[in-house]
1. Can you tell me the relative contact order of the chain? Whole percent, Cα pairs under 8 Å, sequence separation 6 or more.
2. For the chain, set up a GNM with springs between Cα atoms under 10 Å and report which of Asp115, Asp187, Asp198 has the largest fluctuation.
3. How many lysine pairs are close in the chain, with Cα atoms under 27 Å apart and the two 8 or more places apart or on different chains?
4. Restricting to Cα atoms and excluding each atom paired with itself, what does the Kirkwood estimate give for the range 166-297 in Å?
5. Name the residue farthest towards the positive end of the dipole of the chain from the options Val26, Leu170, Thr5, assuming +1 on Cβ of Lys and Arg, -1 on Cβ of Asp and Glu, about the Cα centre.
6. Using a Gaussian network model of the chain with C-alpha springs under 10 Å, which one of Arg59, Arg124, Arg105 is most mobile by mean-square fluctuation?
7. Please give the helix 185-196 orientation as an angle from the longest Cα principal axis of the chain, in degrees from 0 to 90, rounded to the nearest 10.
8. What list of ³J(HN,Hα) values in whole Hz, one per residue of the range 115-120 in order, does the Karplus curve 6.51 cos²θ - 1.76 cosθ + 1.60 (θ = phi - 60°) give from phi, with Gly and Pro shown as x?
Amino acid sequence: MILVTGGTGFIGRILVNHLVTLGYPVRLLLNPSRDYPKLPRGVSVEVAISSMNDERNLRASMKDIDTVFHLVGTEWKGIHAEYEEVDIRAARMFSKVAKQMGVERFIYLSHLGADRASAYNLLRAKAIAEAAIRESGVPYTIVRSGIVYGQNDHFTTTLRDFVLKTRGPLLIPGGDPTLIQPIWVEDLITTLMLCMDDDSTLFRTVYAGGIETFTFRECLEMVMETIRKKKRIIPVQASFLRRIYIANEQWFPKRVPMYFWLDYMAEDRIAALDLLPREFGLMPTRMTQNLAYLREE
């Protein structure tokens, strides 16, 4: 049986659908909450409820589990992200229990650019979580992914809303442009599932990015072209823009959250463009040809 954390999120729901369609028995691990979980529709799954720090319930949730997909993360909460509690402590506890329960494969979704020495909380937290998983002794595969896009994502959908809901010009970080390597969600799901069945990925870090690299401005312009909405773009000093975004998320929680992107785009987030074709025979979809869903949502 397969256990999935973060199974109600953008990536997790699609992964669960694919696993169930292929006949795998799946169990979702949900955190106790007053909110009704957005379970994947039209699929039959088991549900276990436990906080990531409840060792006893975690043990129960991992009974009869041979494979874990650990996808949970909080970066999309912007200034309210809980990196220490959710990303780091959860990875440490979860991988420890997985090792004790005899889990045969622990697949963790991380980010390109993860680095314990990073000045940015997200990248530092992901690297610390990776280290905790390695130290646990559980048979792991770490997948460092580029930014993931697709229908109902946190990336292109946020950029579209940023364009449509912002009055006046669009302020973006200035300075030297950095590069990102977006990957279509279906290509990432394929990579995760190939890792599950490939023993050569055991105790390894796999890098998963698209076949193209872009600057933040190029991605924004691509989204504007797709939705046929043109606005002026003004590069602004990143430190000044950071204060604006923090104030927006503190005082106007219903506005489009953009603070996360300052850290995400602060340095290059790329890997070799031919990694997935070489490693798995997978040719990633081109982002330039795959954004029509932004007009349909």
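Computed from the coordinates by the stated procedures, all read-outs in this text should not be read as laboratory data. Small disclaimer: the values here were computed from a predicted structure and weren't measured. Note: ideal-geometry Cβ built from the backbone for every residue, glycine included; neighbour counts use all protein chains shown.
1. 17
2. Checking each option, the largest mean-square fluctuation is seen for Asp198.
3. 23
4. Result for the range 166-297, one decimal place: 17.0 Å.
5. Leu170
6. Taking springs between Cα atoms under 10 Å, the residue moving most is Arg59.
7. 30
8. Taking θ as phi minus 60°, the curve returns 7, 5, 8, 5, 7, 10 Hz for the range 115-120.
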